[in-house]
Structure formats: structure tokens, C-alpha cells
Amino acid sequence: MLNCSECGRTLEEKDALVHTTEDGEKKVICQECFKELTGVDYQTFALRKENAKQTFIAVLFCLACTAYAWYDKGWMWGVGGIILTTLVYLFSSKAR
Ligand SMILES: [Zn+2]
């Protein structure tokens, strides 16, 4: 069993969040305190993190395709791929 270091509530291990304070100290907190400390709902935070991961994967995938197209079909395809990758990146970060 864990205790929230802010409000002292007992937490299930799966509900416990680790919050790093500005001076680098790690604290175990509950989701409500997370919201109070960061101003962001934990669900929103988790969603953003997930989106960032998906953007990263999408961009990585595009880069791999670009590299392949460049190698296989010539530099013009490579440049097209880079433009497409940039668009994917911009679109994904806007959608967030
Ligand atoms: Zn708490």
C-alpha cells in the first residue's frame, strides 16, 4: 500500500502517480493531487503522452519510407517524402 504524499490518502499501486517536483524530488501522489499540482487532468495528460508517442511512430514510419523511396526511386521521391513527413508531423501536433 502507498500513501499520497500530498493528501495522505491510501492508494492502490496502480492508481499511484509519481510526480517530480521542480527541485527534482520524486513524490507519490494520487490523481486528484496530480490535477491540483500540474493543472492538468491525469487522463488528459496520459492522452497527450499517448498522442506524442503516436506522432513519433508516424514520423519514424514516414522517415523510413522516405529513406527507402530515396534509395529505390531517386532523390526527388526522397524530397517528396520529407515534405510528407513534415506535413504528418505538423498535422499530428495540431490535432493534439
Ligand atoms: Zn492526494
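Data for the structure
Per-residue answers, yes or no, for (1) modelled with pLDDT under 90; (2) in contact with a Cys (Cβ under 8 Å, 6 or more places away or on another chain); (3) of a type outside the set (F, W, Y):
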{"residue": "R9", "(1), (2), (3)": "no, yes, yes"}
{"residue": "D15", "(1), (2), (3)": "yes, yes, yes"}
{"residue": "T20", "(1), (2), (3)": "yes, no, yes"}
{"residue": "C30", "(1), (2), (3)": "no, yes, yes"}
{"residue": "R48", "(1), (2), (3)": "no, no, yes"}
{"residue": "Q54", "(1), (2), (3)": "no, no, yes"}
{"residue": "F61", "(1), (2), (3)": "no, no, no"}
{"residue": "A64", "(1), (2), (3)": "no, no, yes"}
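For (1) within 16 Å of the ligand (Cβ to nearest atom); (2) of a type in the set (K, R); (3) surrounded by 13 or more Cβ atoms within 10 Å (Cβ to Cβ), each residue gets a yes or a no:
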site: S5; (1), (2), (3): yes, no, yes
site: K14; (1), (2), (3): yes, yes, no
site: L17; (1), (2), (3): yes, no, yes
site: D23; (1), (2), (3): no, no, no
site: C30; (1), (2), (3): yes, no, yes
site: R48; (1), (2), (3): no, yes, no
site: T55; (1), (2), (3): no, no, yes
site: C62; (1), (2), (3): no, no, yes
site: C65; (1), (2), (3): no, no, yes
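The values are calculated or read from the model by the stated rules, or taken from the named source; none is laboratory data. Here the structure is a predicted model, which is why all the values come from computation and not from measurement. No Cβ is skipped: glycine too gets one built from the backbone with ideal geometry, and neighbour counts run over all protein chains shown.
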